[in-house]
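The values are calculated or read from the model by the stated rules, or taken from the named source; none is laboratory data. These numbers were taken from a predicted model, which means no experiment stands behind them. Quick reminder, even Gly has a Cβ in these numbers, built from the backbone with ideal geometry, and neighbours come from all protein chains shown.
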Amino acid sequence: MSRTVPSPKKSASFYRKNAKSRAKKAAYDKAFNARPEQKKDRAEHGRARYKAVKEGTVKSNQDMVRGKNGRLRAGNRSKNRAAK
């Protein structure tokens, strides 16, 4: 399942062109996302986003991100995912 994006970012362009690297990244991501602490963190972000959507404090292009104080807040989705 691939999406066609008119102008993909640097990492997306790289992984499209490099099948071995894409497979290695997919294997790593699968293992990383299966970790209990990652599942817990993902669930916490999901709950916070659900609550923020109900309150109307988050836009459709935002994720819940960790602020400088460690608390969850609404933040730019693209910048958040690029920072990791």
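Could you check region 1-43 and list, in sequence order, the residues that are hydroxyl-bearing (Ser, Thr, Tyr) and out of contact with any Ser or Thr (no Cβ under 7 Å at 6 or more places or on another chain)?
First, pick out the residues of region 1-43 that are hydroxyl-bearing (Ser, Thr, Tyr): 2, 4, 7, 11, 13, 15, 21, 28.
Listed by number, the residues that qualify are 2, 4, 7, 11, 13, 21, 28.
Give just the number: which of (1) in a helix (DSSP H, G or I); (2) of a type in the set (D, E, K, R); (3) without any contact (Cβ under 8 Å) to a residue 24 or more places away in the chain does residue 73 not satisfy?
Every condition holds for residue 73 apart from (1).
Consider region 4-31. How many of its residues are exposed (fewer than 10 other Cβ atoms within 10 Å of the Cβ) and under 17 Å from residue 82 (Cβ atoms)?
Summing the residues that are exposed (fewer than 10 other Cβ atoms within 10 Å of the Cβ) and under 17 Å from residue 82 (Cβ atoms) in region 4-31 gives 2.
Output yes when any residue across region 5-23 is in contact with an Asp or Glu (Cβ under 9 Å, 6 or more places away or on another chain) and in a helix (DSSP H, G or I), and no when none is. Please lay out each step first, then the result.
So in region 5-23, the residues in contact with an Asp or Glu (Cβ under 9 Å, 6 or more places away or on another chain) come out as none.
Within region 5-23 (the criterion being in contact with an Asp or Glu (Cβ under 9 Å, 6 or more places away or on another chain) and in a helix (DSSP H, G or I)), the answer is no, since none of the residues qualifies.
Of the residues that sit in region 32-60 and are surrounded by 10 or more Cβ atoms within 10 Å (Cβ to Cβ) and in a loop (DSSP other than H, G, I, E, B), which one is modelled with the highest pLDDT?
Across region 32-60, the extreme among qualifying residues is 35.
May I ask you to list the residues in region 1-44 that are under 22 Å from residue 64 (Cβ atoms) and basic (Lys, Arg)? Steps first, answer last, please.
The first filter runs over region 1-44 and keeps only residues under 22 Å from residue 64 (Cβ atoms), leaving 9, 11, 29, 32-44.
Passing the criteria: 9, 35, 39, 40, 42.
Could you check how many residues of region 35-79 are farther than 23 Å from residue 9 by Cα and among the small types (Gly, Ala, Ser)?
Number satisfying all stated conditions: 7.
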